[in-house]
Amino acid sequence: KFYWFIKIFKHLFKCEVWVNLYLGHKNTIMMLLLGIKYLIVSFSEELLFRCYIQKLLETQFKKITATIVQSLLFAFLFYSGLPLILNLLVRFPAGGLLSIIYKKTKNINYPISIHFMYDMIINIIWL
């Protein structure tokens, strides 16, 4: 069931040569550890927000209202220290988009993978 999880790890190790060339050997281990960290983070956050909070809210509200409320919660709970408006401009639409993807595909693996890739790309940019 979680074969995709193993595929991501295999891909991370295949990328080791690229990471070595780009960042140097010392940072390869750091990148792999960050990959593991963001895999755990994206997995747990998506399960919590898409599989639990979204479904719970849908028992009380219409689907669109539940999506908006869960997106706002996603934006506020994972406040990153950015200015509040910037945080909302990034995380509110991200939460809504990930929720829509989950609803359309009925597969939590897609939002987890997108969330993971986003976190990794942002981290590489800010290195």
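Solvent-accessible area of segment 34-116 (1.4 angstrom probe, protein heavy atoms only): carbon and sulfur portion equals 74 percent. Rounded, prolate or oblate: which one fits segment 52-93, using the alpha carbon gyration tensor with axes a ≥ b ≥ c (rounded when a/c is under 1.5, else prolate when a/b beats b/c, else oblate)? The shape class here is prolate.
By how many nm would the segment from residue 48 to residue 89 lengthen if fully extended, with 0.36 nm per residue of separation less the alpha-carbon distance? Walk me through the numbers before you get to the answer.
Working: separation 41, 0.36 × 41 = 14.76 nm, distance 2.13 nm.
So the chain would gain 12.6 nm between residue 48 and residue 89.
Please work out the average accessible area per residue across segment 65-119, using the 1.4 Å probe convention, and give it in Å². Each step should come with its number before you reach the end.
On the way: 3060 Å² over 55 residues.
That works out to 56 Å² for each residue.
The values are calculated or read from the model by the stated rules, or taken from the named source; none is laboratory data. Quick caveat: nothing in here was measured; it's all calculated off a predicted structure. We work out accessible area using only protein heavy atoms, side chains counted, and drop any ligands, DNA or RNA first. Shrake-Rupley method; radii C 1.70, N 1.55, O 1.52, S 1.80 Å.
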